[in-house]
1. Helix-only mean residue ellipticity at 222 nm, the chain, DSSP H runs n ≥ 4 weighted -39,500 (n - 2.57), per residue, nearest 500. What is it?
2. Which whole-angstrom value gives the distance between the alpha carbon centres of the range 108-180 and the range 279-325?
3. Classify the range 39-174: rounded, prolate or oblate, from the alpha-carbon gyration tensor (a ≥ b ≥ c, eigenvalue square roots; a/c under 1.5 rounded; otherwise prolate if a/b is larger than b/c)?
4. Provide SER78, SER231 in ascending order of the number of other Cβ atoms located within 10 Å of each residue's Cβ, fewest first.
5. So how do CYS173, CYS373 line up by other beta-carbon neighbours within 10 Å, fewest first?
6. If I stretch the segment between ARG222 and ASN205 completely, what's the gain in nm (0.36 nm per residue apart, minus their alpha carbon distance), one decimal?
7. Suppose each label sits 7 Å from its Cα in the direction of the beta carbon; what would the GLU73-ARG165 distance come out to in nanometres?
8. Name the shape class, rounded, prolate or oblate, that the alpha-carbon gyration tensor gives for the chain, where a ≥ b ≥ c are the square roots of its eigenvalues, rounded holds for a/c under 1.5, and otherwise prolate holds if a/b is larger than b/c and oblate otherwise.
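Where a number appears in this text, it was derived from the coordinates with a stated rule and is not lab data. The shown structure was predicted, so the numbers you read here are calculated from the model rather than taken from an experiment. Every residue, glycine as well, gets a Cβ built from its backbone with ideal geometry; the counts of neighbours run over all protein chains shown.
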Amino acid sequence: MSASDIAGLDPDRIRELFDLRSSHNAYTGGGYHDDPNPAWRVLRETGPVHVGIVHELTGYDQPAFFQGLPFPERPHFSVFSFAACDDAFRDGETFASSPEPLEGIDKTQKIGPDSSMLCMNGKEHRRYRTLVQPSFVPTRAKWWMEKWIDETVHALIDGIAGAGRADLNTDFCAAIPMLTITGSFGIPVAEALDLRAALRIDQLNGADTMVNILAPVVAARRESPEDDLISVLVQAEITDEDGESHRLSDAEIYSFAYLLLAAGSGTTWKQMGITLAALLTRPALLEAVREDRTLLKAAIEESTRWAPTDPMFSRFVRRDIEFHGVQIPEGAVVHLCIGAANRDPARYERPDEYDPTRPPQPSLAFGNGPHVCLGMHVARAEMAVGIGALLDRLPNLRLDPDADAPQIIGMYERGATELPVLFD
Ligand code: HEM
């Protein structure tokens, strides 16, 4: 990865793939342009668990899909309180991450999100997650910054610094997580956008494109490992339930890659945009963060609480259960509305206010329990390095007063419309 490769990324293609108003984003409810929080407040106040699906209960009548949807043959419930969402995240036995038990699927042969650890349960999930966890612990954040994040951030700022204006959402935020995770997989910058297009949630045959791009890298790292994440996967040994160990098969590596490349490049850019929108529309707060960088960490954390980019994740219920006063049958899908949970007044005072000075209190933006976000420390590092460098390098950074103010839109993938800024 070099600065000139990064400068060569096609801005129109980035805009097409990342603009939340483009057709690529319709699948997850990109057409939803309202603030869902008033509806979620009413739902939370009228009960922690409701029959139905989050977007329909919120009043959005267009199709929208995400994890746990559509499954029309199953009963659906949605959960809106912090306590109930947290209980479900923590109880992976009752609230499973796959519609059916996955134990029968041969992971050494089948590639795709369904055989990735996101959908696994129990011991099998732990065995796979343990292989990559050491690359994602907080002390490893420096490794991610020095190898991929710093260079990407500064190359992107080099590209906009002379113009005096930019749309930070697509000119800046979009490429940082994408190039960080593709860099860690040894994928050339020139192929990063093809991969991004292939791995979107609405693409059914994306795995073939990904395999074509990754196969030469896997072969090269098998010959000669380097200091990157794909080398970790190529060298990893997994111990089966019967105690036998084997190096990961190609399919196992590609399933890991599918999950990490999709999760790594699809989320953080939107959360960085939400954080920037929150700060840019509050100039006094932006100034305070510029003056005292120790506030930046809290500004990022508060944005994940106040407006988590993925406000819903789902679970499949494995047994009949009474859950927070509601009978839920085995086989039902339960949608955990993180966005509503993160504004539960039982946990947060003045929950609708974006206030980085509030007492720290973990939210559910990164989930909880066995599937808690593996990449959260990388995501935090990307946002802190990115926003910190903007404040260092673009004097008098401010919203363009003549452009439309940023809006946060989208149902299941929320983010800013645009971040039109000026600087000196
Ligand atoms: C602000 C950015 C991010 C947010 C809000 C976010 C949110 C989440 C959430 C809520 C989950 C739990 C899903 C569930 O319980 O079903 C999750 C899982 C996951 N995330 Fe993130 N994520 C972010 C960034 C990242 C990044 C940068 C990476 C990789 C570099 C990543 C990799 C993963 C993986 C691999 C899982 C699955 C973990 C497992 O199943 O054990 N995420 N993320």
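1. Taking each H run of at least 4 residues, the total per residue is -12500 deg cm²/dmol.
2. Using only Cα atoms to place each centre, the spacing works out to 18 Å.
3. oblate
4. Going from sparsest to densest Cβ surroundings: SER231, SER78.
5. CYS373, CYS173
6. This chain segment gains 3.5 nm when fully extended.
7. Going by the 7 Å Cα→Cβ label model, 5.5 nm.
8. Since a/c reaches 1.5 but b/c is at least a/b, the shape of the chain is classed as oblate.
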